[in-house]
Number of protein chains: 2
Amino acid sequence: MSVETERYIERNIPLYEFLDEATLEIIEYNAETVLEEIGVNFVDSPEALERWRSVGATIEGERVRIPRGLARELCKTAPSKFVQHARNPKRNVEIGGKTLVTAPVYGPPFVRDRDGGRRYATLADFQKFVKLGYMSKYLHHSGGTVCEPTDVPVNKRHLDMLLTHMVYSDKPFMGSVTEPSRAQDSVEMCEILFGKEFVQNNTVMTSLININSPLTFDSIMMGALEVFASNNQASIISPFIVGGAMAPVSVVGTLTQVLAEVLAGIAYSQIIKPGAPVIFGTFVTSIDMNSGAPTFGTPEASQILYGAGQLARRMNLPFRSGGGLCGSKLPDAQAAYETANTLNAALLGGVNFMLHSCGWLEGGLVASFEKFVMDADHLGTLQKMGLGVSADENGQAMDAIREVGPSGHYLGCDHTQKNFKSAFWRSNLFDYKPFETWYEEGARDTYSLAAERVASQLANYQKPPLDPEILAALEKYVADKKAAMPDAFV
Amino acid sequence: MSVETERYIERNIPLYEFLDEATLEIIEYNAETVLEEIGVNFVDSPEALERWRSVGATIEGERVRIPRGLARELCKTAPSKFVQHARNPKRNVEIGGKTLVTAPVYGPPFVRDRDGGRRYATLADFQKFVKLGYMSKYLHHSGGTVCEPTDVPVNKRHLDMLLTHMVYSDKPFMGSVTEPSRAQDSVEMCEILFGKEFVQNNTVMTSLININSPLTFDSIMMGALEVFASNNQASIISPFIVGGAMAPVSVVGTLTQVLAEVLAGIAYSQIIKPGAPVIFGTFVTSIDMNSGAPTFGTPEASQILYGAGQLARRMNLPFRSGGGLCGSKLPDAQAAYETANTLNAALLGGVNFMLHSCGWLEGGLVASFEKFVMDADHLGTLQKMGLGVSADENGQAMDAIREVGPSGHYLGCDHTQKNFKSAFWRSNLFDYKPFETWYEEGARDTYSLAAERVASQLANYQKPPLDPEILAALEKYVADKKAAMPDAFV
């Protein structure tokens, strides 16, 4: 069976410009003040400090103070958009400008499914998620750590994860960032898959570099960034903020810190290699002041997403935020309200790369199989919404209105016959049946329908073809690397 | 116990302008062409045809053809906003401009709750919904036919429904539209509740006048409109469209028909009484071309909502659309995805009066108790989002960023202590507990939490005080009216 995947979204609709010019200017001014007067810490990396000194920053211990305007100036060499190549060229994605590329959940140590409940994730789970991602029509990207394969030693996981993305899917994927050496392994495996010269001339990975908010850059993440940037591979430079804990409890204050952090991080990437592809990242949730739990799909999170998108566009940079974020423990109504709020904001807020588009549950602690297919289906609403509308003669449909007239019915008219197939988005998961049919078939809720879809998709999965020599070389690389290291579990 | 209700939303945020100027002009031009060349039918009402003839329309049978520009000119006397009074003046709502007023589901013949399943609605159900609405913090309006009390004869239901809204709540409500005589009863009951003079000088009801799309106005709805308009009471003039059946399968074509219908309907209201308060209504869903079922929360429905909002603003009229619309049979994830999509579009699309804000299930066939409290809670996200953000000194939070610095923690800082109570919206229903607590407490999903909330709200409900003389007079009016009519069940 053939797998159909839609091309990445190219928005043919306006964006939602939430903040006014005056507020944006205040944020931009204050972010420069933060960099100049407070500064940022680059931890455990004398080389990073030396690099900053060489471009004109003031260093005091691990604190880097950046003169007003310098970071923004350095960011100007970053491209406004770039192509990430997939091994199947039809799956290449363009990131930046009007595009929106969807990628699955990243990072959960646990998985959940309806029958097995919540448990630590394994490599077998990881492989299942990559298969589901490959089968998902509206998912453009295979992602990275879709779940943590906790049954594989920590220092070897990245090899199995990369091999899985490369073999079980032909969509683009992410590299490892948990050690600079693992970033290097990612590059080397890509050189086997794509060819060494191709990798040096093209972007084949987009990887996630988190900032330790507030205002702190650690040497592991920066080391991985250095590997990727110097190899022309893309990085998302992303503050990771639970508002109220890692940033002020105000939208404008949080955006100020986000911008200061992204300016410093992207500037650093361009010091490493001018022109290296990067993405302005923003992961912000709010906190429930009663329980201390992070909350998702809240108004403040949407406001920050909209504002951050505007700040990214003013820097002419690709933007990452959003996703199917939720705090719920189950793929229930709470999960869906919160997820839909975030997905809507991401589409209208100009997100170009949307990590966590599907499968995210319980604040990112859990990758849910059912939620994965629910969200992946619902991404189709963004794809259709992004097409915008046509006002040409067919779109105006005046002939149809004339033909049908008052009190008539459109189902049989010519215009309907010509256009109905593409006129309305329909879910491939939701229940649209008459009540009686639905009731007789077991009165299933979305969770149950999703569990059935997970099973049927996995049953129908077929690997995309891969050159056996490349496959053998990748497997040998992984085996050799594993053999050369003792297992480590922390 | 005191019941807290937030004031209606006054948006301090920009709207989402979806369609460009050229497309809006095409739609406006084509809508005039529809009125001029195709026309609309006013059925079974020689008086309506005579009124149209008197202002310059061409009449042929029941077909009314309206010269280009005439309907729009007639609409100009309609106010851009109006106040609907409640018997508790704190609950008055302003409809139009930047405001958003939320009202519950309207019209379902069935109800559903978790324990009782799906069944025909009764007056007891109706009363429970009005109580829940009264207790709902983010619900500004008590609505109208929250469900059909099918155990009361058809010709007497409106009396019990109005009495329930008047006695069990002190929020504003809607009048009856199922017969002109019932609209008249609504006015008379309001005269008892508010005083005759007050009603003649103020708007105390907003009622729902549906258009029989395509392009048809029936004498019952128009008769109710005539009663309300001539008494200075507000009407929502609303096409009711399942796209593909009652309008073309294109967004621009549907908007053209919507605009033509609203122009004719509002113009007619202004012929009856220039200055009568009206609302530009739009209820549009799409259709699933596989099953023929109406679908909700789809991209096309959002696109039509956004476009219709723009058309209403260009006429300087209040706008009704949106709501917690969904097609799901249960308050599950499908229901919440679809509902959240519609609620988000309604906030950003400029809806002023949002019928069906909570409780809507199964395409409007069912009023769900659990979904009512789920949606009513989630309306708080619109309320908070609509506040916008502050960029004053406290909003900028530079002192907090200075105080905390790199690698610090914001939970204890002064700014957080001063602002945390109002900083982040929190649900009063969703689960924010640690996994272990949630698991030990029964691993409940949103449906279960909502069922508990329904029970606790009904247990805590207390009637708002009402002058015993007014209550007695209302009860006597209802008893006399009922005694004067034989029961009718169709």
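In the stretch A:101-123, is there at least one residue being open to solvent by 40 Å² or more (accessible area, probe 1.4 Å), among the basic types (K, R) and in contact (Cβ under 8 Å) with a residue 60 or more places away in the chain? Checked the stretch A:101-123: at least one residue is open to solvent by 40 Å² or more (accessible area, probe 1.4 Å), among the basic types (K, R) and in contact (Cβ under 8 Å) with a residue 60 or more places away in the chain. Among the residues of the stretch A:266-288, those identified as of a type outside the set (V, I, T) and not in a strand (DSSP E or B) are A:A267, A:Y268, A:S269, A:Q270, A:K273, A:P274, A:G275, A:A276, A:P277, A:D288. Annotation: B:K81 fulfils all but one of (1) within 11 Å of another protein chain (Cβ to nearest Cβ); (2) in contact with a Ser or Thr (Cβ under 9 Å, 6 or more places away or on another chain); (3) surrounded by fewer than 19 Cβ atoms within 10 Å (Cβ to Cβ); the unmet one is (1). Of all residues in the stretch B:445-475, which are in contact (Cβ under 8 Å) with a residue 24 or more places away in the chain and under 18 Å from B:Y432 (Cβ atoms)? Matches in the stretch B:445-475: B:T446, B:Y447, B:S448, B:A450, B:R453. When the stretch B:456-490 is filtered for residues that are in contact with a helix residue (DSSP H, G or I) (Cβ under 9 Å, 6 or more places away or on another chain), open to solvent by 60 Å² or more (accessible area, probe 1.4 Å), in a helix (DSSP H, G or I) and within 30 Å of B:D377 (Cβ to Cβ), only B:N460 remains. Just one residue in the set A:S302, A:S291 is buried (at least 24 other Cβ atoms within 10 Å of the Cβ), facing chain B (nearest Cβ under 7 Å) and not in a strand (DSSP E or B); that residue is A:S302. Applying the set (1) part of a helix (DSSP H, G or I); (2) within 36 Å of the chain's Cα centre (by Cα); (3) facing another protein chain (nearest Cβ under 8 Å); (4) surrounded by fewer than 19 Cβ atoms within 10 Å (Cβ to Cβ) to A:Y447 leaves exactly one unmet item: (4).
Sub-7 Å Cβ pairs linking a first residue in the stretch A:254-277 that is within 30 Å of B:F420 (Cα to Cα) and in contact (Cβ under 8 Å) with a residue 60 or more places away in the chain to a second residue that is hydroxyl-bearing (S, T, Y) and open to solvent by 10 Å² or more (accessible area, probe 1.4 Å), at least 6 apart or interchain, are A:Q257/A:S213; A:E261/A:S213, ordered by first then second residue.
Quick check on B:I236: is it in a strand (DSSP E or B), away from chain A (no Cβ under 14 Å) and closer than 29 Å to B:E25 by Cα? Judged against the criteria, B:I236 is a match. Hey, could you check the stretch B:151-172 for residues that are outside any helix (DSSP H, G or I) and in contact (Cβ under 8 Å) with a residue 60 or more places away in the chain and say which is surrounded by the most Cβ atoms within 10 Å (Cβ to Cβ)? Taking the candidates together, the pick is B:P172.
Of the helices (runs of 4 or more DSSP H) contained entirely in the stretch B:355-414, those carrying at least 3 residues that are more than 10 Å from every other protein chain (Cβ to nearest Cβ) and buried (at least 17 other Cβ atoms within 10 Å of the Cβ) fall at B:369-386. Looking at B:L458, B:L429, B:L449, just one residue is under 22 Å from B:P149 (Cα atoms) and not charged (D, E, K, R), and that residue is B:L458. When residues of the stretch A:29-40 are filtered for being surrounded by fewer than 19 Cβ atoms within 10 Å (Cβ to Cβ) and either farther than 14 Å from B:E393 by Cα or charged (D, E, K, R) (or both), how many remain? Of the residues in the stretch A:29-40, 3 are surrounded by fewer than 19 Cβ atoms within 10 Å (Cβ to Cβ) and either farther than 14 Å from B:E393 by Cα or charged (D, E, K, R) (or both). Criterion applied to A:A312, A:A335 was being free of Cβ contacts under 8 Å to residues at least 60 places away in the same chain and either surrounded by fewer than 24 Cβ atoms within 10 Å (Cβ to Cβ) or within 23 Å of B:M374 (Cα to Cα) (or both), and the one residue passing it is A:A335.
Suppose we keep only residues that are over 16 Å from A:R314 (Cα atoms) and within 23 Å of the chain's Cα centre (by Cα) within the stretch A:246-260. Which one would you say is nearest to the other protein chains (Cβ to nearest Cβ)? Out of the qualifying residues, it is A:V251. Scanning the stretch A:1-28 for residues that are open to solvent by less than 30 Å² (accessible area, probe 1.4 Å), within 10 Å of chain B (Cβ to nearest Cβ) and not aromatic (F, W, Y) gives A:I13, A:L19, A:T23, A:L24, A:I27. Of the residues screened, B:N352 is not one that is of a type in the set (S, T, N, Q) and within 11 Å of another protein chain (Cβ to nearest Cβ). Within the stretch A:32-55, residues that are more than 10 Å from chain B (Cβ to nearest Cβ) and touching a residue at least 40 places away in the same chain (Cβ under 8 Å) reach partners that are open to solvent by less than 10 Å² (accessible area, probe 1.4 Å) and assigned to a strand (DSSP E or B) with beta carbons closer than 6 Å, at six or more positions or on different chains, in the pairs A:A48/A:F42; A:W52/A:V64. If you go through the stretch B:415-442 and pick out every residue that is out of contact with any Ser or Thr (no Cβ under 8 Å at 6 or more places or on another chain), facing chain A (nearest Cβ under 7 Å) and either modelled with pLDDT of 95 or more or open to solvent by less than 20 Å² (accessible area, probe 1.4 Å) (or both), you end up with 3.
The values are calculated or read from the model by the stated rules, or taken from the named source; none is laboratory data. Given the structure is predicted, the values throughout are model-derived calculations rather than measurements. Every residue, glycine among them, receives a Cβ derived from its backbone with ideal geometry; neighbour counts consider all protein chains shown. Note: accessible area is taken over every heavy atom of the protein model, side chains too, but ligands, DNA and RNA are not part of it. Shrake-Rupley method; radii C 1.70, N 1.55, O 1.52, S 1.80 Å.
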